[in-house]
Structure formats: structure tokens, C-alpha cells
Amino acid sequence: MVEAEVGENLSSTRASSTPKRLKNGKLDSVTVQPRRSSKLQPKNALGDTTRIAGAHHARSNGQVLACPECGTQKLFKDGLRYLFDGAAVQRWLCRNCGYRFSEKEPRGSTRPLQKTSGMSQESQHVSIIETQSLKGELAILVPCRVGASEGEAKNLEEEARQELAQREGTTQTAVDAKGKILEFAWHLRKQGRTPGTISVYVKYLTALVKRGADLNSPESVKDVISQQEHWGPSTKKQACIIYAAFCLKHRINWADPPNYKPQRKLPFIPLEKEIDVLIAACGQRTGTILQTLKETGARIGEVLALKWTDVDSEHCTISINNPEKNSNPRIFKVSNKLISMLNALPKISVKIFSGLNAGVSSNFRQQRRRAALKLQNPRLSQIHFHTLRHWKATMEFAKTKNILHVMQVLGHKNIQNTMLYTQLIQFESDEYHVARAKTSTEEDELIKVGFELVRYDDVEKVAIYRKRK
């Protein structure tokens with residue numbers, strides 16, 4: 001019926017737009033109506049055409065969507081997520097903070113239409129058809145057998161349920177393991193563990209379950225860990241430590257845990273010019289994060305937790321008031337360049353870098369890969385967030401030769417942890433700046449800029465200082 005109406009409208013449009021011809025061969029002056037667009041708009045379940053929402057803001061069911069993390073309405077579509085019943089849910093990616101989220105209702109979900117007095121019989125028929133659902137997967141899997149008894153029918157249904165559970169990966173063991181992992185995560189939270197630590201524990205336990213380990217059987221877990229060839233000794237040892245805490249919570253006897261001995265490798269220390277090139281190649285937000293990591297040597301979690309109140313633009317200082325891993329709070333003197341980069345960021349939240357660590361890391365990896373390909377420098381791909389902490393510790397020790405100063409910069413409470421971060425590297429340049437001081441005031445000025453005393457000349461009555469170029 002709808003197609004017939006459309007055809008009649010188009011034919012009437014062509015008839016009205018055709019000029020009339022008089023007997024003398026001249027055209028009559030008539031007003032020609034503009035031709036309608038042949039591109040029809042999409043139709044809903046009742047056959048009526050619907051208006052397509054504008055592309056300025058993302059909309060869902062007539063409401064403008066906004067990022068639940070930072071509140072911005074600048075979003076990208078990030079594909080579809082399919083539910084267990086086959087319904088599709090639109091996923092969105094925030095252009096500002098990189099946070100991913102999904103709509104609350106599936107796309108194209110049809111709800112039963114209420115019967116009204118003005119609804120025609122055809123509309124009611126269409127609504128009934130649209131609200132009818134197809135057979136579920138369980139009904140499709142159950143084979144039909146003519147003359148089957150009630151017991152045989154139950155067995156067939158149970159077999160179909162098991163087959164569906166195996167295909168979807170929701171076996172009874174996996175369900176029990178998921179419940180125990182959630183219970184263990186809640187136990188860690190009550191013990192005062194940080195959200196980052198809880199996330200790592202859950203990630204390792206979930207990975208073991210996906211690889212076929214039975215968390216109730218220590219031997220099964222040992223077999224799965226030993227079969228992971230792409231896991232290093234450090235990763236395997238960390239998995240054993242996490243599973244040991246899981247066994248302690250659920251009173252599982254793990255009498256003979258494996259003993260993996262990781263070998264610590266020297267961290268990659270990039271050149272300062274490589275760090276500067278990578279900062280320049282990244283975007284505004286990611287570049288500011290890298291510059292903050294470079295000048296402070298803080299952890300990525302500590303930088304993401306910075307608030308606007310932690311920045312003193314007048315004195316050019318940044319305070320780390322939320323240290324991680326039980327380290328000490330500290331304050332840093334930073335450059336005017338970093339203060340300008342921070343002030344250029346939009347102040348849309350209490351935190352300077354509003355976003356999740358996962359989103360920030362994903363954006364950084366993409367920009368780092370593009371920079372490495374564009375500049376043809378594979379060393380840029382080895383730079384991580386924590387690499388800048390290694391670089392800061394190494395450079396500070398090379399300047400001051402004071403391990404206690406490096407310990408204070410990193411916020412460590414144990415000097416053994418500082419020794420792991422400090423790398424005694426041999427610099428290429430062995431040239432020095434030489435200066436002579438005759439008065440105590442000149443000596444103070446040289447010491448402030450990094451000069452060190454070499455000797456005192458008794459003949460010229462001056463002190464000789466040097467500083468590496």
C-alpha cells in the first residue's frame with residue numbers, strides 16, 4: 001500500500017511538472033513544481049518515513065549522548081556489540097578521553113505497540129508481525145523426533161543445553177570460576193588494595209580460566225602456566241603469586257607451587273632528542289602527558305591522578321599528592337614549557353587528564369607507531385610510559401652522582417628499589433666546561449648550575465671547576 005502511494009505521488013509530480021502545449025505550438029506559462037528527491041527516507045515498522053538525525057551530535061532514542069567519563073558530546077562510532085540473544089548494541093568512542101561505552105538499549109529494538117483507537121487494521125497487523133520473535137538457539141539445536149518419549153525429549157534438551165553452553169563458552173566451571181574471581185576481587189577491595197592492583201589480579205585469573213585452567217585444581221593451573229610459551233619467567237612468577245593469594249582466600253591447598261626465577265634485563269634508555277621527537281609527534285593531550293613524565297619521572301597512574309590544584313603556575317611546581325605503590329609524596333620544579341602545555345588543556349574536570357589508563361595507553365601506542373613509521377626510527381617503538389621514569393633516574397644520577405637524591409626524586413622508601421632504576425651508562429661525550437672562581441659568591445653560582453670542584457690553584461689563588469658538556 002505504501003509503495004502504491006509513493007508511485008501515485010511520483011506520477012502526480014511528473015504530471016504537474018509537465019507544461020501544457022497550446023494548439024499554436026507555444027507553451028503555456030505555468031508554474032513548474034520542483035521535483036521531489038528520488039532518494040526515499042527509511043521507513044519504520046508502520047511504513048511511514050522517518051527523519052534521519054543530524055550528524056552534529058550522537059543520538060540514541062532521541063537523546064543526545066555524552067561521554068560518561070568526561071561529559072563531552074564529541075563521539076565516534078566504534079562498531080557493534082552483539083548480545084546473547086543476537087541483538088546489536090552500538091558502541092561509542094570518546095574523541096576527548098578515549099573512553100569506550102555502549103548504548104543502554106539494543107539498536108533496532110522493537111517494543112510491543114499499544115493499541116489505540118485511531119490505529120488501522122493494517123498497522124495493528126504490522127505491529128504484531130514486528131513483535132514476534134524467531135526461535136531461540138536452544139529450540140533450533142533440539143532435534144525433532146516423532147514418537148519420542150518424555151524422558152528421551154528431556155535428554156535431547158539437556159544435550160542441546162550442554163552443546164549451547166560449550167559453544168558460547170559458558171560452561172558450569174567457567175561460571176563458578178567467574179563468581180569466585182568476583183568474590184576474590186571484592187575481598188581485595190576490603191583489604192584496601194588499589195583499583196589498579198585489583199584489575200591486574202582479575203586479569204591474570206581470567207586469562208588462566210580462558211586458557212583452560214580449573215582454579216579449584218592447583219595441578220591444572222600449574223599445567224596451564226607451564227604451557228604458556230610466550231610468557232616469560234616474570235609473567236609466570238606473577239601468575240603464581242596471584243594464584244597463591246587466590247588459594248589463600250578460598251582455602252585451596254597449594255602445597256608445591258612452581259619456582260620461576262626471572263632474570264632482570266636492563267631497561268631501554270632512549271636519547272633525549274628521541275623523547276622530544278616523540279612528544280612533538282603526539283597530540284596535545286598525549287604530548288603533555290609525556291612531557292610531564294619526562295620532567296617528573298612519575299608513574300603514569302600518578303600523572304593521570306593529577307588535579308589542577310596540584311599545579312602552581314606562579315612558582316612552576318607540580319605536586320604528587322596521590323603516590324602509587326606506597327611511595328612518598330613529592331614536589332617537582334618544572335619548566336615554563338610544561339606549565340604552558342598544561343594551561344592550554346581544557347579545564348573540563350577536576351583532574352587534568354580525565355580518562356582511563358587503558359584509553360590513554362591505546363592512544364599513545366597508535367601515535368607512537370605512526371611516528372616510528374614516519375621517521376623510520378624503530379627505537380621510538382621501544383619507548384613506554386615507564387621508560388621515561390628509567391630515563392629520569394639515570395639522568396639524575398649522572399648529573400649528581402647522589403643516589404639519595406635519585407631516591408627522593410622517585411619517591412622510594414627503600415634504596416634497593418632505587419638501585420634497580422639507576423643505570424650507570426657511559427656517555428659518549430667526555431668534554432667539559434671549565435670555569436675559575438676567585439670569590440665565594442662565584443663558587444656558589446658555579447655550584448648552582450652543576451659545576452664540580454676539580455682543584456684549587458695556589459699560584460693564581462682560584463678554584464677550578466668543571467661541568468660535562
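The single condition from (1) within 19 Å of Q367 (Cβ to Cβ); (2) surrounded by 16 or more Cβ atoms within 10 Å (Cβ to Cβ) that Q90 fails is (1). The number of residues in segment 241-260 being of a type in the set (A, V, I, L, M, F, W, C) and part of a loop (DSSP other than H, G, I, E, B) comes to 3. Between Q263, Q228, Q238, the distinction of being outside any helix (DSSP H, G or I) and within 30 Å of M395 (Cβ to Cβ) belongs to Q263 only.
When each of I320, I289 is tested for being touching a Pro at 6+ places or on another chain (Cβ under 6 Å), in the same structural domain as L388 (by TED's automatic domain parsing) and surrounded by 21 or more Cβ atoms within 10 Å (Cβ to Cβ), the lone residue that passes is I320.
I275: crowded, with 16+ Cβ neighbours inside 10 Å and either among the acidic types (D, E) or under 26 Å from N377 (Cβ atoms) (or both), yes or no? So I275 passes the test. Only one of the numbered conditions (1) touching a His at 6+ places or on another chain (Cβ under 9 Å); (2) closer than 27 Å to M407 by Cβ; (3) not small (G, A, S) is not met by F364, and that is (2).
For segment 336-354, indicate whether the set of residues that are in a strand (DSSP E or B) and free of Cβ contacts under 8 Å to residues at least 60 places away in the same chain is non-empty.
Scanning segment 336-354, I find at least one residue that is in a strand (DSSP E or B) and free of Cβ contacts under 8 Å to residues at least 60 places away in the same chain, so the answer is yes.
Pairs are defined by a Cβ separation below 7 Å, a sequence spacing of at least 6 or placement on different chains, a first member in segment 232-247 that is more than 14 Å from S220 (Cα to Cα), and a second member that is charged (D, E, K, R); the pairs so defined are P233/K261. Just a yes or no: is a residue in segment 396-418 at pLDDT below 85, of a type outside the set (G, A, S), under 23 Å from I300 (Cα atoms) and out of contact with any Gly (no Cβ under 7 Å at 6 or more places or on another chain)? Yes, the conditions are met somewhere in segment 396-418. Beta carbons closer than 7 Å, at least 6 apart along the sequence or on distinct chains, pair a first residue in segment 394-411 that is without any contact (Cβ under 8 Å) to a residue 12 or more places away in the chain and in a helix (DSSP H, G or I) with a second that is surrounded by 14 or more Cβ atoms within 10 Å (Cβ to Cβ) and not hydroxyl-bearing (S, T, Y) for H405/E396.
Per-residue answers, yes or no, for (1) assigned by TED's automatic domain parsing to the domain that holds F364; (2) of a type in the set (S, T, N, Q); (3) within 28 Å of P329 (Cβ to Cβ); (4) out of contact with any strand residue (DSSP E or B) (no Cβ under 6 Å at 6 or more places or on another chain):
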{"position": "T206", "(1), (2), (3), (4)": "no, yes, no, yes"}
{"position": "L215", "(1), (2), (3), (4)": "no, no, no, yes"}
{"position": "S226", "(1), (2), (3), (4)": "no, yes, no, yes"}
{"position": "C247", "(1), (2), (3), (4)": "no, no, no, yes"}
{"position": "H250", "(1), (2), (3), (4)": "no, no, no, yes"}
{"position": "K261", "(1), (2), (3), (4)": "no, no, no, yes"}
{"position": "K294", "(1), (2), (3), (4)": "yes, no, yes, yes"}
{"position": "E302", "(1), (2), (3), (4)": "yes, no, yes, no"}
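Among the residues of segment 431-460, those that are over 19 Å from K399 (Cα atoms) and either at pLDDT below 85 or surrounded by 11 or more Cβ atoms within 10 Å (Cβ to Cβ) (or both) comprise R436, A437, K438, E442, Y456, D457, D458, V459, E460. Residue count for segment 60-97 under the criterion of being on the phi > 0 side of the Ramachandran plot and under 22 Å from the mean Cα position of the chain (by Cα): the result is 2.
Here segment 46-87 is the region considered, the condition is being among the acidic types (D, E) and modelled with pLDDT of 65 or more, and the residue that is surrounded by the most Cβ atoms within 10 Å (Cβ to Cβ) is E69.
When W308 is tested against (1) over 24 Å from Q382 (Cα atoms); (2) of a type in the set (A, V, I, L, M, F, W, C); (3) free of Cβ contacts under 8 Å to residues at least 12 places away in the same chain, just one condition goes unmet, and that condition is (3). For segment 181-211, filtered to residues that are among the polar types (S, T, N, Q) and within 26 Å of E302 (Cα to Cα), the residue that is surrounded by the most Cβ atoms within 10 Å (Cβ to Cβ) is T197.
Residues in segment 346-385 that are among the hydrophobic types (A, V, I, L, M, F, W, C), more than 18 Å from the chain's Cα centre (by Cα) and either assigned by TED's automatic domain parsing to the domain that holds K74 or surrounded by fewer than 14 Cβ atoms within 10 Å (Cβ to Cβ) (or both): I348, V350, L373. Check segment 272-283 and report whether any residue there is touching a strand residue (DSSP E or B) at 6+ places or on another chain (Cβ under 9 Å) and in the same structural domain as F353 (by TED's automatic domain parsing). The answer is no; no qualifying residue exists.
The values are calculated or read from the model by the stated rules, or taken from the named source; none is laboratory data. Remember, predicted model here, so these are calculated numbers, not experimental data. Don't worry about glycine lacking a Cβ; one is built from the backbone with ideal geometry, like all the others, and counts go over all protein chains shown.
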